[in-house]
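Taking it in order: structure first as structure tokens, then the write-up.
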Amino acid sequence: MTIASGSAEGTVRIAVLASGRGSNFEALCSGDTGRGRVALLITDNPGAQVLKKAERLGVEAVYMTPGRYRTRFGIEEEGEWVSFMRSRGVGLVCLAGLMRILKGPILEEYGGRVMNIHPSLLPSFPGLDAQDQALRYGVKVSGCTVHYADDGVDTGPVIVQRVVPVMDYDDVESLSARILEQEHLAYPEAVRLHCSGRLAVRGRRVETCTGS
Ligand code: GRF
């Protein structure tokens, strides 16, 4: 068993890693994250809308190069992201629409302290275009999943899931909007649970320990 969330006292400084719009970043800044506080935003996209949101919310935000690959980090560059997060006292890393898979230094430094959010009920429809995958498959419910990240694509232990109906009239846009509303509740909830120091990872299962 691994106690995922470390000590149960003090503030947990959160780094959000994002590539685009940043609505989950905003939800993490404004939602009830318990002892968690968003202290830093890092993006791999100098044109990302999330940078403007961070500026408006007064959160330190930086663009850092991810290296020369399109869907993963260069090892050296990923190490630089880690050094920067370490220099800011980051204790929890939240991936929020980061369009890159992690395989190296971030997981080595922050293993068990990296979360991701995905717009489907995992393990269904991992990877890109999850809402489109759900519509094409014809499922009647979908939703979102917050999970601890590992080196697979959307494969780590599940912390929180929220469910939405799929309506006959849905298209990708309408289903994505319904799921996104739930994402904005699920992500702060998962962070709050983690930062309460009461989550335990047993194999694939994330359990909430009750206080004695
Ligand atoms: C969300 O749908 C999230 O589940 C997925 O990427 C999208 C990011 O949206 N991983 P935003 O940038 O947080 O608005």
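The values are calculated or read from the model by the stated rules, or taken from the named source; none is laboratory data. Fair warning: this is a prediction, and the values are worked out from it, not measured in the lab. FYI the Cβ positions are ideal-geometry reconstructions off the backbone, even for glycines, and counts take in every protein chain you see. The accessibility values were calculated without ligands, DNA or RNA, using every heavy atom of the protein model including side chains. Shrake-Rupley method; radii C 1.70, N 1.55, O 1.52, S 1.80 Å.
Numerical summary
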quantity: Only listed residue being open to solvent by 30 Å² or more (accessible area, probe 1.4 Å) and within 18 Å of the chain's Cα centre (by Cα), chosen from GLU207, GLU183, GLU108; calculated: GLU108
quantity: Criterion (open to solvent by 20 Å² or more (accessible area, probe 1.4 Å), within 11 Å of the ligand (Cβ to nearest atom) and touching a strand residue (DSSP E or B) at 6+ places or on another chain (Cβ under 6 Å)) met by exactly one of ASP129, ASP154; calculated: ASP154
quantity: Search result, residues across the stretch 38-69 that are among the acidic types (Asp, Glu) and closer than 18 Å to LEU102 by Cβ; calculated: ASP44
quantity: Filter pass, GLY67 being in contact with a Lys or Arg (Cβ under 9 Å, 6 or more places away or on another chain), open to solvent by less than 70 Å² (accessible area, probe 1.4 Å) and among the small types (Gly, Ala, Ser); calculated: no
quantity: Which listed residue is away from the ligand (no atom under 14 Å from the Cβ), over 17 Å from TYR187 (Cα atoms) and buried (at least 18 other Cβ atoms within 10 Å of the Cβ), from VAL139, VAL166; calculated: VAL166
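Residue by residue, here is whether (1) on the phi > 0 side of the Ramachandran plot; (2) part of a loop (DSSP other than H, G, I, E, B); (3) surrounded by fewer than 19 Cβ atoms within 10 Å (Cβ to Cβ) holds:
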| residue | (1), (2), (3) |
| --- | --- |
| LEU40 | no, no, no |
| ASN45 | no, yes, yes |
| VAL50 | no, no, no |
| ALA54 | no, no, no |
| ALA61 | no, no, no |
| GLY79 | no, no, yes |
| PHE84 | no, no, yes |
| GLY89 | yes, yes, yes |
| CYS94 | no, no, no |
